[in-house]
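Enquirer: Okay, handing you the structure first.
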Amino acid sequence: MPVANTIQRTSIRLPSARRSGLWDLALLPLVLCVLVVLAFGAQEMATPYQVGTAIDLSLDPLYLPYYLLRTTVRMFIALGFSVVFAFAFALIASRSKAAEKVLVPILDILQSIPILGFMSITVTGFIALFPGNLLGVECAAIFAIFTSQAWNMAFSAYQSFKSIPPELDEASRIFRLSPWQRFWRLDMPFSMPGMLWNMMMSMSGGWFFLVASEAISVANQDIKLPGVGSYIALAIEQRNLHAIGWAIGAMLIGIMIYDQLFFRPLLAWADKFKFEEGDGNTTPKSWALKLWRRTAWIQTGYAAIVRTFEGTLRHFRLKKDGTSPPNRPVIQHRHAERIWDVIISLVFIASIIKLGLFIHSEVGWPEVGHVLYLGVLTLIRVIVLIAVASIIWVPIGIWIGLNPRIAERSQAVAQFLAAFPANLLFPIFVVGIIHFKLSPDIWLSPLMIFGTQWYILFNVIAGASTIPTELRFAATNLRLSGILKWRRYYLPAVFPSLVTGALTATGGSWNASIVSEYVTWGDTTLKAEGLGSYIAEMTATGDFPRIALGIGVMCIFVMGFNRFVWRKLYQMAEKGLNF
Amino acid sequence: MSNPILQLRSINKSFRSSDGSDRLVLDNVDFTLAEGEIVALLGQSGSGKSTLLRIMAGLITADSGEVSYRGKPIYGPAAGVSMVFQSFALFPWLTVQKNVELGLEALGVSPAEQTRRAKEAISLIGLEGFEGSLPRELSGGMRQRVGIARALVLEPEVLLMDEAFSALDVMTGEHLRDDILELWQSGKLPTKSLLVVSHNIEEAVMMADRVLIFSSNPGRVRAELPITLSRPRQAKGPEVHHLVDTLYTEMVSPSDHYSTDKNKTVTRTSYGLSTATVAQIEGVLERLVDDPFRGTADLPKLAEVSEISDNAFINAADALVMLGLATIEKGDISVTTLGKRFEQGNNERRQEIMGQQMLTNVPFIVNMRHSLEQQSSKEMPFEHLLKVLEFSMNKSDAERVLEAMLEWARYGNVIEVDFSKRLIYLPDADQLQ
C-alpha cells in the first residue's frame, strides 16, 4: 500500500548511548550519595524528643547545609502528599456529581484558611500521635507546608480533569480503558503541564511560609525544628543581620537545587504532555534530564519500572464489555439528586446555627463586629496594594513579555522572588519605621504583597508574550500610539492574564497579612491593626474561639471577594474587553 | 448481506436544551447493519447522524428503543465495535506504536503480543517507520492513519467512521479513502461491516453499498439509496456522476421517490432557516448565470465550480430556492426572472430584492421584524432570538443559524445589529417614519 511520504521522518531518539560509559561511572556514586544524604535527612526526623525541651539550634553558617537538607526533605514530603491529594481530590470530584457539590466548596474554604489556622488546630494532635518522638512535630510542620501547597494543585488537577477533550474521553471509552488505565493514560498526562506549573507556584508558597511552619509558636508551644525557617526565626529573635544574610543565601541555593534537579527535568520531560500543538515556544531544556537519559544503567532501571507499571495496567482492566448487562440497574437520578441537595442544605443550615451559638457563648457579638471591622481594614490594604502593584507591574510586564529573550529568564527570577519569605525583610521595615517614626498601619502594608505581587508581573509577562505576531504588526502598521495603543491593544491583550495574576496575588496577600501585620525584630514588635495581626496574636496565645472567629471572617472576605469581584472580572475578560 | 450485526429498533433520543425543554434529535429510527456491507449516513450537520453513530458505539444511550449487537442488547461500548474519529482523538503524549497498542493494553494482551499485532496493523495501514514518532510530528493524513490502525488492531467486526476524512484536505482524504477501500476489497481487513458518517456526497457514493439520507428536526432516515456499482468505482465515471446527481437533488429538494418516511409529509431540512452567507448565495447565483451554465446547471457541476464544501453549497442552493431566486427540478437548478434581476442589479438593487424576498419567504426574519416593531424599546437582545431557535436545534447550530440570519437581515436593511451589545434594532430610516 503506497504511503505519501509528505513529511520528513523526525526522529526523537537521543544521541547514541555508546559514549555514555563515562557518565555511567561518574553518575553512580553521585546518585548513591544523594540517596544516602536524603536517607540521613529522613532518619533525623525520627529522633527522640520531649515536649518542652528546646532543640539545639545554632546561627553558625556551618550548620546551614544540614538545616537546608532538613528543610528540603520536609518540603519534598509535603509536595508528594500534595500531589497525591490533588489527584485524589480531582478524581473524586470529577467522577461523582454528588461529591463534586460538596468537595469543591470545601476546597474553596480550605484555600482561604490561613496556614497558621491549620497549625493551631492540628499541632497538639500531631504531637500526641508520636509521644516522645520528634516525628509528631515534624508531621505538624510537614502538614503546615502541605496546607500552603496543596489547594491550588488540587484545583488545577480538577480543572484539567473537567476539561479533557470530549473526543479523547470517547476514545478511552471505545477502547474500554478501565479507571486505572484511564487515569495513567489520559487524566494524569493531560493534567501534567498545569500540575507542574502549580507545583512550582506551590513550592514558592512553601518557602514563603517556611518560618511559620518550622518555628512553631502556636497554642503556647515554642518549638523550633532544625531547618532554614527556624534559623531565620532565631536570627530575627537575636537581631543577627549576618545570619539573615546567610539564610538568604541558603534559600537561594535550595531553590536553585530544586529548580535544576527537580523542576527543570520534570518540565523538559513533561513537554510531551502539552496538548496544544507547538506554537513555536521554546521547549524547556534540562542538563539533568539529558544526563539521566544518557546513562545506561538508569535507563535499564527506568525501563524495568515502566514494565512493572505497565503490568499493573494490564492487570486492572475491564473484564466486561457493553454486551454484558450492568451489575445494578441504573436508577433514576433525579430524585437521588434532590435528596442529596436537601441533605447538603440541612447540614449547611445546622452548621450555621451551631456556629452562631458558639460565637454567642464564647466570644460575643461585639467581638464579631470588631473582627469584621478589622477585616475591612485588611481588605482596604489588599485592594490598594494590588491596584498599586498592577499599575507598576503591568507596563513592565508588557515590556518584558514583548522581549522574548528577557521573558525566558524572568520565570526563574519571579519564582525566587515569590518564594522570598517576608520575615527576611522584617529588620529593614522595623528599623525604618522606628527610625522615621512612621505609622505601622500604613508602612507595614507593603510586606503583604511583597511575596505575591510577582504573580501579577509573571502572568502579565506570560500574557504579553503570547500576543500573536500579526497583532503586533497590525498595531505598528496602524501607527497606534499613546493612550489609544494602551486602550485598544495592550490592555485588552493582557487583561485576562492580569486578572489571573491579581486573583492569585490577592489570595496570597490575605494569607500573608498574618505574617506581615504582626512583625517582630528582636524584642521590638510592630503591629498594624487588621485581621492578620488579630489572628497572629490569637494564635500565639492559643485562644481557639477567637482564632476560629478570625479565620471564619477571613474566609468570608476571601470567598466573597472571589465571588463578587473576580468572577465578574473573569467574565469580562472572557467576553473580550473594550476600554 | 443477510446476517445482521448491529440492529437498532425504534430509537428515540432527545437532548435537554439550555432553556430546559427537550429537543428530539432522533425520532423513531430503525436501522440494521448487515455483514459484508458498507453503509453511509448522509445529512446536514445537526441531523442526528453522529448521535446515531454514538448510540451504536455504546457511547450514549437511547431514551427508548433497542440496540443490539449480534442479537445481544448493548449497554456500553461493545468489544466488536471500534471507531475512527473526525479529529483523530490520538493521545498526543503516546508514540504511534503506543497509541495503536492502547486498546490491546486495555484488553490485557501480553507485551510481546501487543508489539506484534500493533506492528502488523501499522504496516497494514502504511505507517512503517513511524512507530516511534509522536502524533504532533505527523501530518493530518498520517494521524488519521494512526487512528485507523488503532481501531483495526482490535480486529473489530464493525468499524464506525465519524467524518473520518473531513478534517483532511481533499487530496489526502481521497487518497486515504481509496486505501481503505483497497484493503476492504482485498479481504485483508478483519472488519465485516463499515459504517461511514459523512456530509460529502461523493465520498458516500464512492464507498457505500447503501446510502441513508437523514433529515433534521427531528432526525429521521428520509431516504435510502442502494448502490450496486462494483468497486473500485471511477470517480469521474458516468454512473458515479449520476448517483452524485441524484443524491444532490435528494438533499436539496426532497422528492417522495426514495422516501422511507412513514408519514408522507416531507420535512424540509431548513424550515425556512439557513446558515448560508450572503457571499455564498451571491457566489453560487453568479456562477449559475455566467458561462458556461447561462442560467441552468447540473447541481454537482455547479457545486464543483463554486469551490465550497458540499454542505455550504447545498445550503446556498437551498437559500436561493427559498428566496425565490432559483428553482430546482430533476437535479438541475435554474435561475428565476427575479434571480436574473438580482444578479444584474447593483448593490442597492440587490439589497432591496433580498429585503423584499426575506419579508415574504423567511418566517424567522418576518417574525423578528414584527416583534421589533411591537417592542416599545425598538430593540431586542440576541438571547431572545437564540431561545426561539433552540426549540428546534442545539445551541451551536442555533448560534450559526442566527449569525447567518442576522447577516441576511442586515444586508436586506430589515434590521440593524449591535454586535458588542448583542442587540438588534430597527434601522434609523424606519424609526423616523
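Enquirer: Please count how many residues of the range B:225-247 are of a type in the set (Val, Ile, Thr) and outside any loop (DSSP other than H, G, I, E, B). Please lay out each step first, then the result.
Expert: Within the range B:225-247, the subset of a type in the set (Val, Ile, Thr) is B:227-228, B:240, B:244, B:246.
With the extra rule that they be outside any loop (DSSP other than H, G, I, E, B), the set shrinks to B:240, B:244, B:246.
Adding up the residues that qualify gives 3.
Enquirer: Considering each residue of the range B:130-148, count those that are touching a Lys or Arg at 6+ places or on another chain (Cβ under 6 Å) and within 9 Å of chain A (Cβ to nearest Cβ), and give that number. Talk me through it step by step, then tell me what you get.
Expert: Kept after step one, since they are touching a Lys or Arg at 6+ places or on another chain (Cβ under 6 Å), are these residues of the range B:130-148: B:135.
Going one step further and asking which of them are within 9 Å of chain A (Cβ to nearest Cβ), we end up with none.
Residues flagged as touching a Lys or Arg at 6+ places or on another chain (Cβ under 6 Å) and within 9 Å of chain A (Cβ to nearest Cβ) within the range B:130-148 amount to 0.
Enquirer: A follow-up question, please. Give me a count of the residues in the range B:401-422 that are surrounded by fewer than 21 Cβ atoms within 10 Å (Cβ to Cβ) and farther than 15 Å from B:ALA276 by Cβ.
Expert: Residues that pass the stated criteria total 8.
Enquirer: Among the residues in the range B:62-84, are any part of a helix (DSSP H, G or I) and at pLDDT 90 or above?
Expert: Start the filter on the range B:62-84 by keeping residues that are part of a helix (DSSP H, G or I), which leaves none.
No, the conditions are met nowhere in the range B:62-84.
Enquirer: Does B:SER123 satisfy the criteria of being in contact with a Lys or Arg (Cβ under 9 Å, 6 or more places away or on another chain) and either among the aromatic types (Phe, Trp, Tyr) or within 10 Å of chain A (Cβ to nearest Cβ) (or both)? Steps first, please.
Expert: Numbers: in contact with a Lys or Arg (Cβ under 9 Å, 6 or more places away or on another chain): no; either among the aromatic types (Phe, Trp, Tyr) or within 10 Å of chain A (Cβ to nearest Cβ) (or both): yes.
The answer is no for B:SER123.
Enquirer: Regarding B:ILE314, is this residue among the aliphatic types (A, V, I, L, M), within 20 Å of B:ARG222 (Cβ to Cβ), assigned to a helix (DSSP H, G or I) and modelled with pLDDT of 85 or more?
Expert: Against the criterion (among the aliphatic types (A, V, I, L, M), within 20 Å of B:ARG222 (Cβ to Cβ), assigned to a helix (DSSP H, G or I) and modelled with pLDDT of 85 or more), B:ILE314 qualifies.
Enquirer: Of the numbered conditions (1) out of contact with any Phe, Trp or Tyr (no Cβ under 9 Å at 6 or more places or on another chain); (2) without any contact (Cβ under 8 Å) to a residue 24 or more places away in the chain, B:MET142 fails exactly one; give the number of that condition.
Expert: Against the list (1) out of contact with any Phe, Trp or Tyr (no Cβ under 9 Å at 6 or more places or on another chain); (2) without any contact (Cβ under 8 Å) to a residue 24 or more places away in the chain, B:MET142 comes up short only on (1).
Enquirer: For the range A:303-320, name all the residues that are facing chain B (nearest Cβ under 8 Å) and touching a residue at least 40 places away in the same chain (Cβ under 8 Å). It would help to see each step written out before you state the result.
Expert: Taking the range A:303-320 first, the residues facing chain B (nearest Cβ under 8 Å) are A:307, A:310, A:313-315, A:317-318.
Result: A:LEU313, A:ARG317, A:LEU318.
Enquirer: Residue check: is A:GLY530 within 23 Å of A:PHE564 (Cα to Cα) and among the small types (Gly, Ala, Ser)? Give the derivation first.
Expert: Working: within 23 Å of A:PHE564 (Cα to Cα): yes; among the small types (Gly, Ala, Ser): yes.
Yes, satisfied.
Enquirer: Now, a different point. Give me the helices (runs of 4 or more DSSP H) completely within the range A:427-539, filtered to those with at least 1 residues that are without any contact (Cβ under 8 Å) to a residue 24 or more places away in the chain and within 23 Å of A:LEU417 (Cα to Cα), ordered by residue number. Before the answer, list the steps.
Expert: On the way: elements: A:440-443, A:446-450, A:453-465, A:469-477, A:482-485, A:491-516.
Ranges flagged: A:440-443.
Enquirer: Could you figure out which of (1) at pLDDT 90 or above; (2) closer than 30 Å to B:LEU168 by Cα isn't true of B:ARG341?
Expert: Going through the list (1) at pLDDT 90 or above; (2) closer than 30 Å to B:LEU168 by Cα, B:ARG341 breaks only (2).
Enquirer: Can you pull out every residue in the range A:112-135 that is touching a strand residue (DSSP E or B) at 6+ places or on another chain (Cβ under 9 Å), surrounded by fewer than 21 Cβ atoms within 10 Å (Cβ to Cβ) and not in a loop (DSSP other than H, G, I, E, B)?
Expert: A:ASN133
Enquirer: Take A:PHE183 and decide whether it is in contact with a helix residue (DSSP H, G or I) (Cβ under 8 Å, 6 or more places away or on another chain), within 14 Å of another protein chain (Cβ to nearest Cβ) and at pLDDT 85 or above. Break it down into steps so the answer makes sense when it comes.
Expert: Working: in contact with a helix residue (DSSP H, G or I) (Cβ under 8 Å, 6 or more places away or on another chain): yes; within 14 Å of another protein chain (Cβ to nearest Cβ): yes; at pLDDT 85 or above: yes.
Yes: the conditions hold for A:PHE183.
Enquirer: Any idea how many residues of the range B:125-134 are at negative phi and either surrounded by fewer than 20 Cβ atoms within 10 Å (Cβ to Cβ) or not assigned by TED's automatic domain parsing to the domain that holds B:PHE91 (or both)?
Expert: Narrowing the range B:125-134 to residues at negative phi: B:125, B:127-128, B:130-134.
Okay, now just the ones that are also either surrounded by fewer than 20 Cβ atoms within 10 Å (Cβ to Cβ) or not assigned by TED's automatic domain parsing to the domain that holds B:PHE91 (or both), so B:128, B:131-132, B:134.
Number satisfying all stated conditions: 4.
Enquirer: Are there any pairs with C-beta distances below 9 angstrom linking a residue in the range A:249-261 that is without any contact (Cβ under 8 Å) to a residue 24 or more places away in the chain to a residue that is among the aromatic types (Phe, Trp, Tyr), with the two at least 6 apart or on different chains, and if so which?
Expert: Listed by first residue and then by second, the contacts come to A:MET256/A:PHE416.
Enquirer: Let me ask something else. Is it true that some residue in the range A:289-306 is within 26 Å of the chain's Cα centre (by Cα), hydrophobic (A, V, I, L, M, F, W, C) and at pLDDT below 80?
Expert: no
Enquirer: It is to be established whether one or more residues within the range A:220-229 are in a helix (DSSP H, G or I), touching a residue at least 12 places away in the same chain (Cβ under 8 Å) and not aromatic (Phe, Trp, Tyr).
Expert: Looking through the range A:220-229, at least one residue is in a helix (DSSP H, G or I), touching a residue at least 12 places away in the same chain (Cβ under 8 Å) and not aromatic (Phe, Trp, Tyr).
Enquirer: Here's another thing I want to ask about it. Output the qualifying pairs, or none if there are none: Cβ atoms under 8 angstrom, residues six or more apart or on different chains, first residue in the range B:360-373 and in a loop (DSSP other than H, G, I, E, B) and surrounded by 20 or more Cβ atoms within 10 Å (Cβ to Cβ), second residue of a type in the set (Phe, Trp, Tyr) and modelled with pLDDT of 85 or more.
Expert: B:VAL362/B:TRP408
Enquirer: How about the range A:6-65: which of its residues are of a type in the set (Ser, Thr, Tyr), modelled with pLDDT under 80 and closer than 30 Å to A:PHE130 by Cβ?
Expert: Scanning the range A:6-65 gives A:THR47, A:TYR49, A:THR53.
Enquirer: Answer with yes or no whether A:PRO226 is within 13 Å of another protein chain (Cβ to nearest Cβ) and not β-branched (Val, Ile, Thr).
Expert: On the way: within 13 Å of another protein chain (Cβ to nearest Cβ): no; not β-branched (Val, Ile, Thr): yes.
So A:PRO226 fails the test.
Enquirer: Going through the range B:273-298 one residue at a time, which ones are closer than 20 Å to B:ASN346 by Cβ and free of Cβ contacts under 8 Å to residues at least 12 places away in the same chain?
Expert: B:ALA279, B:ASP290
Enquirer: While we're on this one: Out of (1) assigned to a helix (DSSP H, G or I); (2) surrounded by 22 or more Cβ atoms within 10 Å (Cβ to Cβ); (3) at pLDDT 85 or above, the odd one out for B:MET251 is which?
Expert: The number of the failed condition is (3).
Enquirer: Now, a different point. Please pick out the residue among A:LEU417, A:LEU425, A:LEU402, A:LEU438 that is under 20 Å from A:ASP259 (Cα atoms) and surrounded by 13 or more Cβ atoms within 10 Å (Cβ to Cβ).
Expert: Values: A:LEU425 fails: under 20 Å from A:ASP259 (Cα atoms); A:LEU402 fails: under 20 Å from A:ASP259 (Cα atoms); A:LEU438 fails: under 20 Å from A:ASP259 (Cα atoms).
Among A:LEU417, A:LEU425, A:LEU402, A:LEU438, only A:LEU417 is under 20 Å from A:ASP259 (Cα atoms) and surrounded by 13 or more Cβ atoms within 10 Å (Cβ to Cβ).
Enquirer: Looking at the range A:501-519, is at least one residue farther than 17 Å from A:PHE209 by Cα and buried (at least 22 other Cβ atoms within 10 Å of the Cβ)?
Expert: Filtering the range A:501-519 for residues farther than 17 Å from A:PHE209 by Cα gives A:501-503.
Filter once more, keeping what is buried (at least 22 other Cβ atoms within 10 Å of the Cβ): A:501-502.
Checking the range A:501-519: at least one residue is farther than 17 Å from A:PHE209 by Cα and buried (at least 22 other Cβ atoms within 10 Å of the Cβ).
Enquirer: Quick one: in the range B:93-105, of everything that is farther than 18 Å from A:LYS272 by Cα and buried (at least 22 other Cβ atoms within 10 Å of the Cβ), which residue is nearest to the other protein chains (Cβ to nearest Cβ)?
Expert: Of the range B:93-105, the ones farther than 18 Å from A:LYS272 by Cα are B:101, B:103-105.
Right, trim to buried (at least 22 other Cβ atoms within 10 Å of the Cβ) and you get B:101, B:103-104.
Working: B:GLU101: 10, B:GLY103: 4, B:LEU104: 9 Å.
For the range B:93-105, the residue satisfying everything is B:GLY103.
Enquirer: Determine whether the range B:160-179 contains at least one residue that is more than 8 Å from chain A (Cβ to nearest Cβ) and under 23 Å from A:ARG317 (Cβ atoms).
Expert: yes
The values are calculated or read from the model by the stated rules, or taken from the named source; none is laboratory data. Because the structure is predicted, anything quoted here is derived from the model rather than measured. Methodologically, a virtual Cβ is constructed for each residue, glycine included, from the backbone with ideal geometry; neighbour enumeration extends over all protein chains shown.
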